[in-house]
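Note sheet for the following structure.
The values are calculated or read from the model by the stated rules, or taken from the named source; none is laboratory data. Since we're looking at a predicted model, the values are computed, not measured. All Cβ positions, even for glycine, are placed from backbone atoms using ideal geometry, and neighbour counts span all protein chains on display. To get the accessible areas, we keep the full protein, side chains included, count just its heavy atoms, and leave off ligands, DNA and RNA. Shrake-Rupley method; radii C 1.70, N 1.55, O 1.52, S 1.80 Å.
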Amino acid sequence: MSLPATCNLTSPSRKIRVNLALPLKSESKQETEQAHQSVKDDRMLVIQACIVRTMKSRKQLKHSLLLAEVMQQLQNFQPSVPAIKKCIGILIEKDYIERLDGENDTYQYRA
């Protein structure tokens with residue numbers, strides 16, 4: 001974007017006032033929705049990474065302890081319990097963790 005500027009340098013007053021405050025273009029509703037969706041996807045990946053780190057260090061962990069550990073480690077945002085449960089389900093499908101046979105509330109890390 002170019003702005004035409006003319007200047008009369010022969011005038012006795014050499015101070016020139018230029019207004020640089022241009023009106024800002026507001027985001028459209030679609031751009032806002034895309035931004036929210038990308039933030040949500042990024043947060044899901046962060047939750048999954050936190051679960052994998054925790055399970056890698058602990059090898060076996062009960063569901064309630066895993067939820068507490070993930071909530072404690074994630075300080076940038078407070079993840080919801082359903083989001084953590086969804087991430088646990090995704091990691092089970094990807095074979096990163098598994099449920100123990102005798103106990104449904106205990107998870108084991110798969111290397």
I'm trying to understand the selection: among the residues of region 64-96, which are open to solvent by less than 40 Å² (accessible area, probe 1.4 Å) and in a helix (DSSP H, G or I)? Leu66, Leu67, Glu69, Val70, Ala83, Ile84, Cys87, Ile88, Gly89, Leu91
Matching residues in region 97-111 - criterion: being surrounded by 14 or more Cβ atoms within 10 Å (Cβ to Cβ) and either of a type in the set (Gly, Ala, Ser) or in contact with a Ser or Thr (Cβ under 8 Å, 6 or more places away or on another chain) (or both): Arg99
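Look through Val52, Val39, Val46, Val18 and report the one residue that is assigned to a loop (DSSP other than H, G, I, E, B), of a type in the set (Val, Ile, Thr) and either surrounded by 11 or more Cβ atoms within 10 Å (Cβ to Cβ) or modelled with pLDDT of 75 or more (or both).
Unique residue meeting the criteria: Val18.
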Find all pairs meeting these conditions: Cβ atoms under 8 angstrom apart; at least six residues apart or on different chains; first residue within region 24-46 and of a type outside the set (D, E, K, R); second residue open to solvent by 100 Å² or more (accessible area, probe 1.4 Å). Ala35/Glu27; Met44/Lys86; Val46/Asn76
Among the numbered conditions (1) in a loop (DSSP other than H, G, I, E, B); (2) touching a residue at least 12 places away in the same chain (Cβ under 8 Å), tell me where Asp101 comes up short. (2)
